[in-house]
1. List the residues, sorted by chain then number, that are 5 or more residues from D36 or on another chain and whose placed amide H is less than 5 Å from its amide H.
2. Which residue, L199, L163, L74, has the most motion in a Gaussian network model of the chain that connects Cα atoms within less than 10 Å?
3. If you fit an axis through the alpha-carbon atoms of helix 179-189 and take the longest principal axis of the Cα set of the chain, what angle between them do you get, 0 to 90°, nearest 10?
4. Please list, or write none, the lysines whose alpha carbon is within less than 29 Å of the alpha carbon of K67, excluding same-chain residues fewer than 8 places away.
5. Using the basic label-point model (7 angstrom from Cα toward the beta carbon), what is the R141 to Q115 distance in nanometres?
6. Where a ≥ b ≥ c are the square roots of the eigenvalues of the C-alpha gyration tensor, would you call segment 163-232 rounded, which needs a/c under 1.5, or, failing that, prolate if a/b is larger than b/c, or oblate?
7. How are the C-alpha pair distances of segment 2-144 spread across 5 Å bins, as whole percents from the shortest bin up?
8. How tilted is helix 69-78 with respect to the longest principal axis of the chain? Cα atoms for both, answer in degrees (0 to 90, nearest 10).
Amino acid sequence: MIFVDSREASKAAEIYRMLVGVFGEQVGVKALEVGDYLLDGSEGVAVIERKTITDLLNSMKPDEAGKGRIWSQLDQLQEADSFEKILVIEGWMGIVRKVTGWNESSIYRLIEGIQRAYEDLIVIFTPDWRGTGHYIAAKYRSLQERREPRELRLRASSASKKLEEQALYVIEGLPRVGPTLAKALLKTYGSVKGVIDALASKPSAILREEVAKALGRRPPEDVIRHARDVVIRRIELD
């Protein structure tokens, strides 16, 4: 099923009609807690936040907390457990210099900052609502496709790396732990053993608070929880 947020269905009626035209009764409307589109396929789930260039500009304006609304929205998106998270930026970036008084470079810095802060967030650019509709349709189809299991080496060899790089390589092997979080974990706990021991023995809430000092923000709860699960859960291989 493709679920479209009720507000989004009104705001982007063309996209909604396009999806209904392609998928028919597989498209529904309901109030979503997170995101604008929830793609629930037989082989995976993805949640999509759509921002037109104008939406993006407006969401950058500081709110009561002194930060743009975009950050709180992406924090909520990041908390969505076990979903692919996708930010679609729709429209022509040139409108920034043509119509508004915004500094165009600040938009690019914002987008770069988003990609650095949310390492498992996919950012997609589309030219208009049709492009967005085509992307959503293609993504939903991909979530319906069964992928044949294959025996593969999961990661490239790290033998040629320096000791520090090898340590980062090991920590980045934990689920959804990217380079930035891996560095923060190693900086907080001092060694690969220290990171593993902390994950094995400390509650997620304490881990998030301790790592926040090195990371500059608390890491998402589901990321820490998944990393802990890999460390502490008994694994039985066939």
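Bear in mind that the values in this text are calculations on the coordinates, not laboratory data. Quantities reported herein were computed from a predicted structural model and do not represent experimental measurements. All Cβ positions, glycine included, derive from the backbone under ideal geometry; neighbour counts span all protein chains shown.
1. I48, E49, R50
2. L163
3. Approximately 40 degrees, to the nearest 10.
4. Here the lysines satisfying the reach criterion relative to K67 are K11, K30, K51, K85, K98, K183, K187, K213.
5. Result: 2.6 nm between the two label points.
6. Working: a/c = 1.41, a/b = 1.20, b/c = 1.18.
It comes out rounded by the Cα gyration axes.
7. That works out to 2, 9, 19, 23, 21, 14, 8, 3, 1, 0, in percent per bin.
8. Approximately 60 degrees, to the nearest ten.
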